[in-house]
1. Using the eigenvalues of the Cα gyration tensor, what equivalent ellipsoid semi-axes result for chain B when each is taken as the square root of five times the eigenvalue, whole Å, largest first?
2. Would you tell me the mean number of C-beta atoms belonging to other protein chains that fall within 10 Å of each C-beta in D:256-268, as a whole number?
3. Mind putting a number on the dipole of the range C:185-258 about its Cα centre? Charges go on the C-beta only, +1 for Lys and Arg and -1 for Asp and Glu, and I need it in Debye to the nearest 20.
4. Over chain B, what relative contact order in percent results from Cα pairs under 8 Å that are six or more residues apart?
5. Report the closest approach of any chain C C-beta to the axis of the C-to-A rotation: residue and distance, in whole angstrom.
6. Put the label 7 Å from Cα along Cα→Cβ for B:Glu229; what are its distances to the other copies, in nanometres, shortest first?
7. Shortest first and in nm to one decimal, what separations exist between C:Ala59 and its copies in the other chains, measuring from label points 7 Å along the Cα-to-beta-carbon line?
8. Treating only the Cα positions of the protein assembly as shown as identical point scatterers, give the base-10 log of I(q)/I(0) from the Debye formula at each q in 0.05, 0.07 Å⁻¹.
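The values are calculated or read from the model by the stated rules, or taken from the named source; none is laboratory data. These numbers were taken from a predicted model, which means no experiment stands behind them. Cβ sites come from the backbone with ideal geometry, for glycine too, and all protein chains shown count toward neighbours. Surface accessibility is based on the protein's heavy atoms, side chains included, excluding ligands, DNA and RNA. Shrake-Rupley method; radii C 1.70, N 1.55, O 1.52, S 1.80 Å.
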There are 4 protein chains.
Amino acid sequence: MTAPNGHQQASPATGERKEIPMYEPVRVGLVGLGRMGRFHATNLAGRIPGARLVRVSDAAEDVARENASRLGGLGWSTRYEDLLEDPEIEAVVVASPTHLHAEMVEAAAASGKHVFCEKPISHDLERTYDAIEAAREAGVGLQVGFQRRHDPDYRAAKERISAGHIGEVYLFRTTLSDMRSPGFDYIEGSGGFFADVTVHDFDAAHWLVGEITEVTAAGAALSDPGFEEVGDIDNAVITLRFADGALGVIDNSRVAGYGYECSSEIVGHRGTLRVGDHRRVSLETLTPGRACRDHVSDFVERFADAYREEMEHFVRVVRGEAEPEPNGTDAAAATVLARAAERSHREGRTVRLDRERRDGEVLYEEAGA
Amino acid sequence: MTAPNGHQQASPATGERKEIPMYEPVRVGLVGLGRMGRFHATNLAGRIPGARLVRVSDAAEDVARENASRLGGLGWSTRYEDLLEDPEIEAVVVASPTHLHAEMVEAAAASGKHVFCEKPISHDLERTYDAIEAAREAGVGLQVGFQRRHDPDYRAAKERISAGHIGEVYLFRTTLSDMRSPGFDYIEGSGGFFADVTVHDFDAAHWLVGEITEVTAAGAALSDPGFEEVGDIDNAVITLRFADGALGVIDNSRVAGYGYECSSEIVGHRGTLRVGDHRRVSLETLTPGRACRDHVSDFVERFADAYREEMEHFVRVVRGEAEPEPNGTDAAAATVLARAAERSHREGRTVRLDRERRDGEVLYEEAGA
Amino acid sequence: MTAPNGHQQASPATGERKEIPMYEPVRVGLVGLGRMGRFHATNLAGRIPGARLVRVSDAAEDVARENASRLGGLGWSTRYEDLLEDPEIEAVVVASPTHLHAEMVEAAAASGKHVFCEKPISHDLERTYDAIEAAREAGVGLQVGFQRRHDPDYRAAKERISAGHIGEVYLFRTTLSDMRSPGFDYIEGSGGFFADVTVHDFDAAHWLVGEITEVTAAGAALSDPGFEEVGDIDNAVITLRFADGALGVIDNSRVAGYGYECSSEIVGHRGTLRVGDHRRVSLETLTPGRACRDHVSDFVERFADAYREEMEHFVRVVRGEAEPEPNGTDAAAATVLARAAERSHREGRTVRLDRERRDGEVLYEEAGA
Amino acid sequence: MTAPNGHQQASPATGERKEIPMYEPVRVGLVGLGRMGRFHATNLAGRIPGARLVRVSDAAEDVARENASRLGGLGWSTRYEDLLEDPEIEAVVVASPTHLHAEMVEAAAASGKHVFCEKPISHDLERTYDAIEAAREAGVGLQVGFQRRHDPDYRAAKERISAGHIGEVYLFRTTLSDMRSPGFDYIEGSGGFFADVTVHDFDAAHWLVGEITEVTAAGAALSDPGFEEVGDIDNAVITLRFADGALGVIDNSRVAGYGYECSSEIVGHRGTLRVGDHRRVSLETLTPGRACRDHVSDFVERFADAYREEMEHFVRVVRGEAEPEPNGTDAAAATVLARAAERSHREGRTVRLDRERRDGEVLYEEAGA
């Protein structure tokens, strides 16, 4: 990890002395310039103190070249290996298509690069654990992109729960909805509704409340016959039972036409916390008989701060100042829970989860699976 | 039902002529002076235009006498029959303990009195249908006390859904919580959590969205070991599937310490409706670093308007100007659904509901039950 | 005032004994069936416990007759005197045109009737004091219709200020606006903008914060040249200085097109109170990109509770259980302040107010006037 | 201004070609490392795309050295001239004490550096105009730090007003308050309440609504006798009349104990806009009977986005892509208005403003002054 180096050199322009940077910026490469990749790249190119994006990579040459240019003349490449072979680069951000995540994490680990990987590491649980193990063995940090953990509202909620402000938790309720569905080409490669959408809520439930022992899911394809044709759904409700007895409920929609929504409530013995009301621009417009506010339209608008914060956190991970949040095991847990929901939905029954503990972490697996 | 009578008589004081009342006020008797009975009686004694409370009845003589006096010198009695035998009384409000509801409804019907009955008519479904039938045969109105149907917010939501403002419904979400639990003596006679608490949400779901085909419930006793001892729970989450495909989710708590909550959300194709934010006094107090509002503490505070409106509606029922809202069949439906939730919770499985239609109304029964 | 009379008589229907009413309802007459008169009459006819509206009066026979019929066959008359000569009537509500208020108050006092008078008693200060004096001498209660004093939000604010919750007051800010202006026929008889609109804010300022020593007003006619033609304005801002040093600011509009608004803020040493956010129906409708609520459209919708509460308070005044709130002297103070604002606006200067104290009450007059 | 240079060079690590940056980052120097200076420096050091902070300067050597180190090993100096003599530096940010602003702007202009100057340029109007003139003659951009112009909420309001969404403006209302006062050492050098606090509201009024013709101000020293001792105030209300007839009202406090507040309302013919409700963390905490949110405590928390945006805007100014917002003339206007308020408050009268137009800009001066 980047060590501070404190010696001084003369500053030619002033005759006064200039201290060598306490911290050289962390030099980052990024692979995959789709929507999330471009977004992370834009942040890394100028909004993340302590980070310097030095090279981007995408299999499509024009995409790689145009983004490198747009971001201020970065290096670019069509080969991921170029990032890994660049001795300047200390860390990589993996925002490629999901099926490439696990191998890219492993390759980064083999090259000794810290790695931030968009969720999920893999829809395959074995592949997920292999990638986690590779990072662990290489001694590099592996952080996964559940951005809600870095949202100021959710982080404040977590802190208050941990500090005991609301006492024992009785109920957890959360909503995650998109305004409109992505196209069916995306849906088909998404891993399914629970793995693509609900997985965020599973991570939040696990993080905010704790270990989950039962998942019961019901889904429906309501907005477009195309969902049924590809064997997927567009709305779901999921109930949870936590190891300490608390109950949980999740509702999700791909087609909540009014906007993007990510709201949660945690009801506890001594108090209740609510995260929501997430309007980025809080301008109220009043016209005859109505008072209106703009509602956020997508996750990028809703979580602009969280996406910056998760990259700032990753910089601290690279510097050895923080642990990955969430780490690979957290991501694996969310994947197991999503798979349990999928099974519950398909089989019309509650799925119970066993767990083992390894190195103090909860590893889920389906009971009897 | 009270007929308008329009002849005139001389007004002695002015020499001008006085029209005979378009409507004599509806004369009402009320039985059962517990919490809800006293509340309805206070409303009927002076806040419901067109109603005049003339006599109250309670098995406890001091309760009957003191309330009669408090309300301005009403007649009182310890015998319910006195209300039914009073030829002046056109309608009765039944707010006695639940186990007396069905027989009191039947007796009122036999006496030709319209009847407003607090929920539920009976925990026994046969008794419920018998009471409904008795009212139907006697040609008297039978209205049941699900006050949410008369809340201005919920009514406005219902109107907008019916008018097609939000299009096809995808998701229904609702929360009903009490600040603290009643004592275990109440709990033991309550019919169980689902019949006492969730039943309100079943009525709302059925009313706002439509027919329900699947109920899956999970409950937990978390706040006090006493709940387990009496075989009951204090928190529950319930998922629903509606006949038209929509999904629903209910969360309930007896112990949401911060206050009383009754909030709902209906996500539709073209828009979403939210009922909530129910602060009766909208005074904001700002102290260093905090902006606070009082939160309603109980259903009486939350639904003060709704309780008045449901009595005004009942007056219109007595006058033959409106249909009971909700009626006995609606109440029976909510009871069947609550029983299904109870079974789902106990057996850890989804309960499916069949239905038959009689006179255009949906009668639920559990599939295969 | 109505004395409770506690003897009993036999209840023929049951053989049980019926207590004579603790309190006979207060029998009320109402004069003036314009908008406010009809509204008060509807409340008095069935929504105010302890009150019974027995007769209404309006100079227009058809108005009197139709309202009497609508309200359940009340007595009616075209002569105000008929109310005063009716020995059954204990109290009158004066909702006639403003220029009749003072003489009607005096006549009511001469007849020994308690009187509720819509604001203002008179635009003429001498007439106002004469009417106050008449009520005082006759020993009848005189309550004036500044309904904000009975609004649950404002009352809660007043209680918290009085209890010292916010400490010494630094700033008072208040907004009162109508969605659209009444017609110019009304404007011409309104006494001018400050006497018709701002007077409510002067009463609120005086009630919530205390004595006022300086008024500086600026008005403008912006929405319609008609305002200038009749010598009036449609928007104004007014600053205040209170005797204890606090500053105040009022903004008013007749043409705030979005709806009716009555919001206030009181900034104190230890905390700040805000009254506002006054949506009667708190249903939120979300459509693509927008979250909207209905906004109240007029004062009747905004202050429905306050209008009922002020009549309930008046019942207690008639029964000798409460002091008039506000009383005639309060109304006179608001009139003096409105007149000062008018002068400030016309002369482009700050108007300072002297006061004398009589019987512990503040009587304002313009300094040097 | 920085020209894009588009040629390419070989990328040694990959063998692929690297485009030369479309835009080299703008190299910025910053002088004055007090609270605002440190805040701007932190932003410039890593959160402003397209900017690179290369050197900081402060008269206190330890302050300069420590901040340079904290920010990643920047160059530092105790002499402002070092920034101006550095040929690498294209632009300077002036965050020094107010009395140095004007001369530093002029020196920057003389060195051909673009300049961002914290408000105000000078309390002296002649000095202000001289500095503006110096920048104009040198052809460098001069942007002044009224950050509200770059707040997303206020900017959206401005856009809607300009687009005619609310029609003709009738009323403008704005509140600016601090939770607690800075110390009296600051107060004494602040230029007085109106020049230090209200000046922000004058800029907002002028920007959002337009030219102002009358200012009437009333202030009071309420929280601490120290204000009177130094001849200053801690609370004020100010009314405005705009050239197009609209009215305005401002209330300000240094001691609104609950938090920082910057809220505005613009009432127009067709609609009304409200900016406020500015909670950075929208987490609601519910405890028995209360629902609370954290309130922002200071301007840095409230305007975190705006401070970043104003620096991003300044980068575009340096690149020749945008005009300074606000510019020096805007700042001079706010200063004239603040001086008029001061005079109005001291003399107890309305101050009228004349204006001349030069190069299409409004220059204010007091009528007859």
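1. Details: eigenvalues 251, 118, 106 Å².
Working through the eigenvalues yields semi-axes of 35, 24, 23 Å.
2. Details: counts 9, 13, 16, 7, 1, 4, 0, 1, 1, 7, 0, 11, 5.
Going residue by residue through D:256-268 and averaging, the value is 6.
3. Details: 2 positive and 14 negative charges, 58 e Å.
So the magnitude is around 280 debye.
4. Working: 747 pairs, mean separation 63.2, N = 369.
Over chain B, the number comes to 17 percent.
5. Its Cβ sits closest to the axis: C:Cys292, 2.
6. Once sorted, the set of distances for B:Glu229 reads 6.1, 6.6, 8.1 nm.
7. Spelled out, the distances from C:Ala59's label point are 6.3, 7.7, 8.9 nm.
8. -0.48, -0.91
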